[in-house]
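Encoded as structure tokens, the structure appears first; notes follow it.
Each value in this text was obtained by applying a stated rule to the coordinates, not by laboratory testing. Predicted model only: the values in this text are computed from it and were never measured. Using ideal geometry, Cβ is built from the backbone for each residue, glycine included, and neighbour counts are taken over all protein chains shown.
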Amino acid sequence: MKQLWKKFDKLTEICYMSELEDNCPQWDEAYEVFKQLVAQGREKDPQYAAEILKMDDATDFAYGVADWIEDYLDELDAREEHEKLMERCEELLNLFQWQEVYPGDLKFRIASALAAEDKKEEALKFCEKWYAEDQHEMAATALVYAKMTLKDLEGAEDVVRKYISEDTPCTDENDILFMAAADLYLVNGKEKERMAVTEALQKYEQELEGYSEDMESDISFELPFE
């Protein structure tokens, strides 16, 4: 597998050097090599890289596989290659177990790509199925947007109210749902509710900024030669 890893490393290097180009086939080529690496690893050990992060663990993070996959999906999204994006997300969902990392980002991308392709009913069905299986905040957020796309503002608000009440704090777990709620209340004209969720979002962002400043202060204290 050493040669394959070298090939993957070279291709991903080209990807990042060519990010501003309209067409860079190395993104797709590197993805195919990535799949070959998984397949060859599992020929020797069926449990090889059961979780995508294990590929980085096994290589001491030399290749940044998980980060590159995310960047690749972002690239497909930016190029509006929605069908390919959905195909890749489905493949990744099937390739790994997703027990250590929640696969909500992949499912959210699928729902968004369906909507972008004007397959709004399909997007709603996908989100409803996801939400029925898993009431995670990200699943709820995707369902809110799917309902909004189809002008079902009342249905979207019903979902929001299951998670956000007047005293619900905005946190790392639910901030994406607060953003969806702000979008919803802007569309349906409920200014009081929109201001409430917006203020909660702003408070959360301020707390994050304060935490980040504290971390920077701690780091600078530990660097005596700075």
Handout entry: Where the Cα pairs of the chain fall when distances are cut into 5 Å bins, in %
Key = 1, 6, 12, 13, 14, 14, 14, 12, 9, 4, 2, 0
Completion exercise
D (µm²/s, integer) via Stokes-Einstein for the range 26-101, Kirkwood Rh across alpha-carbon pairs, 37 °C, 0.692 mPa s: value 254
Fill in the blank from the handout: Here the range 80-96 yields Karplus 3J(HN,Hα) values (6.51, -1.76, 1.60; θ = phi - 60°; whole Hz; Gly and Pro given as x) of 6, 8, 5, 5, 5, 4, 5, 4, 5, 5, 5, 4, 5, 4, 7, 6, 10
Problem - Rg(Cα)/(2.2 N^0.38 Å) for the range 36-152, N = residue count - result: 1.16
Completion exercise
Residue by residue through the range 177-183, the couplings from Karplus 6.51 cos²θ - 1.76 cosθ + 1.60 with θ = phi - 60°, in Hz, x for Gly and Pro, are 6, 5, 5, 5, 5, 4, 5
Problem - 32 Å Cα-Cα threshold exceeded, pairs from 54/107; 10/54; 54/119; 6/84; 84/190; 84/129 - result: 54/119; 84/190
Handout entry: Relative contact order (%) - the chain, alpha-carbon pairs under 8 angstrom, separation at least six
Key = 10
Exercise for the section: Along Cα→Cβ, 7 Å out, is where each label goes; now give me the distance between the ones at residue 62 and residue 150 in nm to one decimal. Expected result: 5.0
Completion exercise
In whole Hz, the Karplus estimates of ³J(HN,Hα) for the range 159-169 (6.51, -1.76, 1.60; θ = phi - 60°; x where Gly or Pro) are 5, 4, 5, 6, 10, 10, 10, 4, 10, 7, x
Exercise for the section: Could you grab the relative contact order for the range 103-162? Cα pairs under 8 Å, six or more apart, rounded to a whole percent. Expected result: 30
